[in-house]
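Engineer: I'd like to ask some things about the structure below.
The values are calculated or read from the model by the stated rules, or taken from the named source; none is laboratory data. Small disclaimer: the values here were computed from a predicted structure and weren't measured. Heads up, the Cβs are rebuilt from the backbone with ideal geometry, glycines too, and the neighbour counts pull from every protein chain shown.
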Amino acid sequence: MKSILKATCLAAALMILACSAMASVVVNEIELNPPEGGAEWIELFNSGNESVDISSWTAIITDGSWKGEFSPVPLGTILPAGGFYVLDGQESWNHTDGGYCTLYSASGEEVDRTALRLDSLGNDFTYGRNPDGYDTNTDGDWGLASATRGATNVR
């Protein structure tokens, strides 16, 4: 009985560690209205102290009834602490000039969700967190500035 209890406690501790590491990954920057011929993209950032396996994670941009689903992250993709990862959308996506992004883990659990953002400029300006990974769930987390795809946001 003691060994079953120890195994159960160990499994619970590992799950808590995995969930806390997963919670450190956020949508850090989002391109909703790229220049002509460009595609939408989102940038993930790991603000935690541990690497996170983001294999098979995906994201969806929602704009009213329109949804643009990003391809899942390739297997074996590890996002190091302080690291960035970019998911690319499709040039064929066609919707209005805004939306919000929801990030999902491989198991389909919601990891992060941005607020609705509007971008009617059609240029290389994006919404990004400042500083990287800043997450108080308020509009103050975000700013509109020149894209810094895969790199530290400069706002």
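Engineer: Which condition does GLY64 not pass, out of (1) of a type outside the set (S, T, N, Q); (2) over 21 Å from ASP132 (Cα atoms); (3) touching a Lys or Arg at 6+ places or on another chain (Cβ under 8 Å), if it passes all the others?
Structural biologist: Unmet condition: (3).
Engineer: Among (1) farther than 21 Å from ASN33 by Cα; (2) buried (at least 17 other Cβ atoms within 10 Å of the Cβ); (3) in contact (Cβ under 8 Å) with a residue 40 or more places away in the chain, where does ARG129 come up short?
Structural biologist: Against the list (1) farther than 21 Å from ASN33 by Cα; (2) buried (at least 17 other Cβ atoms within 10 Å of the Cβ); (3) in contact (Cβ under 8 Å) with a residue 40 or more places away in the chain, ARG129 comes up short only on (1).
Engineer: With the structure loaded, tell me whether GLY99 is at positive phi, touching a residue at least 40 places away in the same chain (Cβ under 8 Å) and out of contact with any helix residue (DSSP H, G or I) (no Cβ under 9 Å at 6 or more places or on another chain) or whether it fails that test.
Structural biologist: yes
Engineer: Which residue is nearest to SER107 (Cα to Cα), if the candidates are limited to segment 31-53 and must be surrounded by 22 or more Cβ atoms within 10 Å (Cβ to Cβ) and at pLDDT 95 or above?
Structural biologist: Restricting to residues being surrounded by 22 or more Cβ atoms within 10 Å (Cβ to Cβ) and at pLDDT 95 or above, the top hit is VAL52.
Engineer: Which ones in segment 63-85 are exposed (fewer than 14 other Cβ atoms within 10 Å of the Cβ) and part of a strand (DSSP E or B)?
Structural biologist: TRP66, LYS67, ILE78
Engineer: In the list ALA59, ALA23, which residue meets the criterion of being closer than 19 Å to ALA106 by Cα, within 10 Å of the chain's Cα centre (by Cα) and of a type in the set (Gly, Ala, Ser)?
Structural biologist: Answer to the selection: ALA59.
Engineer: Count, please, the residues in segment 128-155 that happen to be within 20 Å of ASP88 (Cβ to Cβ), over 14 Å from the mean Cα position of the chain (by Cα) and in a strand (DSSP E or B).
Structural biologist: Number satisfying all stated conditions: 1.
Engineer: Hey, SER107 hits all of (1) closer than 25 Å to VAL154 by Cα; (2) without any contact (Cβ under 8 Å) to a residue 12 or more places away in the chain but one; which does it fall short on?
Structural biologist: (1)
Engineer: Ok, one more. On the basis of being crowded, with 16+ Cβ neighbours inside 10 Å and modelled with pLDDT of 95 or more, does THR58 make the cut?
Structural biologist: yes
Engineer: Answer yes or no: is there a residue in segment 105-115 that is more than 15 Å from SER24 (Cα to Cα), part of a strand (DSSP E or B) and modelled with pLDDT of 95 or more.
Structural biologist: Looking for residues that are more than 15 Å from SER24 (Cα to Cα), part of a strand (DSSP E or B) and modelled with pLDDT of 95 or more, one finds none in segment 105-115, hence no.
Engineer: Listed residues THR96, THR102; which is outside any strand (DSSP E or B) and in contact with a strand residue (DSSP E or B) (Cβ under 8 Å, 6 or more places away or on another chain)?
Structural biologist: THR96
Engineer: Could you list, ordered by first residue, the pairs with Cβ atoms under 6 Å in which the first is in segment 68-83 and within 20 Å of GLY99 (Cα to Cα) and the second is among the aliphatic types (A, V, I, L, M), at least 6 apart or interchain?
Structural biologist: That search, which allows pairs on different chains as well, returns GLY68/ILE61; GLU69/ILE60; PHE70/ALA59; PHE70/LEU87.
Engineer: Which number in (1) on the phi < 0 side of the Ramachandran plot; (2) touching a Phe, Trp or Tyr at 6+ places or on another chain (Cβ under 9 Å) marks the one condition that GLY133 misses?
Structural biologist: Checking GLY133 against (1) on the phi < 0 side of the Ramachandran plot; (2) touching a Phe, Trp or Tyr at 6+ places or on another chain (Cβ under 9 Å), the one that fails is (1).
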